[in-house]
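Q: Sharing a structure below in structure tokens format, with a few things to ask.
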Amino acid sequence: MFNDILFVVNNDELHIHDYFTREFLERVKLGEKIQIECYDEMVFLSGELKKDSITNKLYLCDRNGFICDIEFGQVYEKVWILKD
């Protein structure tokens, strides 16, 4: 688990950086599952990291097929990389 994080896109990967130091912490590759907790809301975003073939935008797709865009440049409270 990582706290106070910022996402940066790098080709087909999502890079996790510490918000305060901008230090690189971890990378998430396409097909990996993550869970994100947002600030000021009791909202959890979770799913598999996928890429739209038309727009090249990364997004999360949950087990029911619900698509959730990741807002880049926004600070998230916590993120977990989920291992099977």
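The values are calculated or read from the model by the stated rules, or taken from the named source; none is laboratory data. Just so we're clear, the structure is a prediction, and the values are computed from it rather than from any experiment. With ideal geometry, Cβ positions are generated from the backbone for all residues, glycine too; neighbour counts draw on all protein chains shown. When the accessible area is computed, the model is the full protein with side chains, heavy atoms only, and any ligands, DNA or RNA have been set aside. Shrake-Rupley method; radii C 1.70, N 1.55, O 1.52, S 1.80 Å.
Q: Condition first: under 18 Å from K78 (Cβ atoms) and either charged (D, E, K, R) or assigned to a strand (DSSP E or B) (or both). Now tell me which residues in region 1-21 satisfy that.
A: Answer for region 1-21, where residues must be under 18 Å from K78 (Cβ atoms) and either charged (D, E, K, R) or assigned to a strand (DSSP E or B) (or both): F2, N3, D4, I5, L6, F7, V8, L14, H15, I16, H17, D18.
Conditions tested, residue by residue: (1) closer than 16 Å to E13 by Cβ; (2) free of Cβ contacts under 8 Å to residues at least 12 places away in the same chain; (3) assigned to a strand (DSSP E or B); (4) open to solvent by less than 50 Å² (accessible area, probe 1.4 Å).
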{"position": "Y39", "(1), (2), (3), (4)": "no, no, no, no"}
{"position": "M42", "(1), (2), (3), (4)": "no, yes, no, no"}
{"position": "S53", "(1), (2), (3), (4)": "no, yes, no, no"}
{"position": "L60", "(1), (2), (3), (4)": "yes, no, yes, yes"}
{"position": "N64", "(1), (2), (3), (4)": "no, yes, no, no"}
{"position": "G73", "(1), (2), (3), (4)": "no, no, no, no"}
{"position": "K78", "(1), (2), (3), (4)": "no, no, yes, no"}
{"position": "I81", "(1), (2), (3), (4)": "yes, no, yes, yes"}
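Q: So which residues in region 42-63 are under 16 Å from V28 (Cβ atoms) and of a type in the set (A, V, I, L, M), if there are any at all?
A: Within region 42-63, L45, L49, L58, L60 qualify.
Q: Among the residues of region 35-49, is there at least one that is of a type in the set (F, W, Y) and closer than 15 Å to G73 by Cα?
A: yes
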